[in-house]
Amino acid sequence: MRTRFTRYVPLLALLMLALLLAACSSGSGNTKEAAATATQTAAPASASPAPAESAQPAKTVYPLTIENYTNNGEGTEWKAKEQTFDKAPEKVVANTQGAAELLIKLGLTDKMVGVAALYGAGDPAVQEEFKKIPVLSQDYASKELVVGRGPDLVMGRGGLFADADWGVGTVGGLNDLGIKTFVQSTSLQGATLDSLYKDIEQLGQIFDVQDKAAAYIAELKERAAKLKEGAAATGAKTFAYVSDGGNGAIAVYSGNVDTFAGDVLGLVGLTNSYADVTGEISKEQLIATNPDVMLISVYTGGVDADQSIKAFYADPSLQSLKAIQNKAIYKIDFNQFWGYSYSIFDGAEKLAAELAAAQ
């Protein structure tokens, strides 16, 4: 399990149950953590107000240069690298389901020539559109599969840009083939919810759909505000990511580099008990920390989470835990929380409702 997460989630130690973390800014100089901001020009003062004018959506002027990311191989540090687009991409491969769903939300289904890594049902709201996209692999796609589709852009999770049988190829290698790359900033360590807004804004610029991007960012910000308001009613709680280490034995994953998921979980009042912890976490440490809530990830092909939860609740050695006593183990969808896309809101809203119901 650790091997799988280490490979597939950039810079992650692996949730022991998952097999399996930017974007850029238009122009240059933005870091992955900074939220992109729109520049506005103040109207000159006048004796009488000027006639109201309807705002015109911004249009992309090509060539467009954005600052994205590259690294020197699996597990190495990500650094800035510019990508220049002479026009909007026409043939896109998304290396995860979440990346493809985000493009669908921006009205770009017809631009996609491939998707991979389908580890769950996905967002039902875009299901019909998703069916139009060729599936390269239900699992992670190799560079051979990806390049074989003739894309002019490969986008998605940073950890999958690698020269491995499960990787789509490195950023440098794909760029050398004339293929542009877009690494989601949400998938890099240090990412926050603002990173998602940046990704959407930058994709809007790349594909010249800035009006749709701006509208969708506004929608997501409203959802974030509602989650934060709801958390005030349920109160602050601590949590730990857990998984089935085998035969119902509980295992703990720190999630210390899952900063994007951690930031969103903060909206519902949850704080990771092990956000600053590196290395293995023992059952004894879990018992000593005693988090209020435990979260177990569910994904296609994984261990039956319901059976794991049943085993955890029955384990005599765990009975002192508040999460056991209060039946506070909650299932979270892998695609939603590790898809690095908007669907994390769906997962967070579901979890918030469950937390509220338990009050």
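Values computed for the structure shown
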{"item": "Computed lengthening from Thr289 to Lys228, 0.36 nm per intervening residue step minus Cα-Cα distance", "result": "19.4 nm"}
{"item": "Partners for Lys131 among lysines (Cα-Cα distance below 22 Å; same-chain residues under 8 apart left out)", "result": "Lys91, Lys105, Lys111, Lys212"}
{"item": "Counting DSSP beta bridges with both ends in segment 79-193, the antiparallel % (nearest 5)", "result": "0 percent"}
{"item": "Met155 - accessible surface, heavy atoms, 1.4 Å probe, Å² rounded to 10", "result": "0 Å²"}
{"item": "Potential extension, Ala58-Lys331 segment - 0.36 nm per residue separation minus Cα distance", "result": "94.2 nm"}
{"item": "Only Lys, Arg (+1) and Asp, Glu (-1) charged, at Cβ; segment 182-296 dipole about Cα centre in debye", "result": "220 debye"}
{"item": "Peptides ranked, highest mean first, by Cβ atoms within 10 Å: ranges 92-100, 329-337, 285-293, 226-234", "result": "92-100, 329-337, 285-293, 226-234"}
{"item": "Label-to-label distance, nm, for residues given as Ala311 and Leu145 (7 Å Cα→Cβ offset)", "result": "2.9 nm"}
{"item": "Ranking by accessible area, most exposed first, for Arg223, Arg149, Arg157 with a 1.4 Å probe", "result": "Arg149, Arg223, Arg157"}
{"item": "Cross-link pairs beyond the 24 Å C-alpha cut-off, checked among Lys132/Lys331; Lys79/Lys228; Lys237/Lys327", "result": "Lys132/Lys331; Lys79/Lys228"}
{"item": "Spacing of the two label points (7 Å from each Cα toward its C-beta) at Thr84 and Asp110, in nm", "result": "2.9 nm"}
{"item": "Environment charge at Leu64 (Cβ cut-off 10 Å; Lys +1, Arg +1, Asp -1, Glu -1)", "result": "-1"}
{"item": "Hits among aspartates and glutamates - C-alpha to C-alpha of Lys87 under 14 Å, sequence gap 8 or more where chains match", "result": "Asp152, Asp208"}
{"item": "Computed accessible area, Thr300, all protein chains, 1.4 angstrom probe, square angstrom", "result": "80 Å²"}
{"item": "Lys, Arg +1 and Asp, Glu -1 on Cβ, resulting dipole of segment 61-107 about Cα centre, debye, nearest 20", "result": "120 debye"}
{"item": "Förster radius 30 Å - calculated FRET efficiency between Glu77 and Glu354 (Cβ-Cβ, nearest 0.05)", "result": "0.20"}
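The values are calculated or read from the model by the stated rules, or taken from the named source; none is laboratory data. Please read all numbers here as calculations on a predicted model, not as lab measurements. Cβ sites come from the backbone with ideal geometry, for glycine too, and all protein chains shown count toward neighbours. Calculation scope for accessible area: heavy atoms of the full protein, side chains included, ligands and nucleic acids excluded. Shrake-Rupley method; radii C 1.70, N 1.55, O 1.52, S 1.80 Å.
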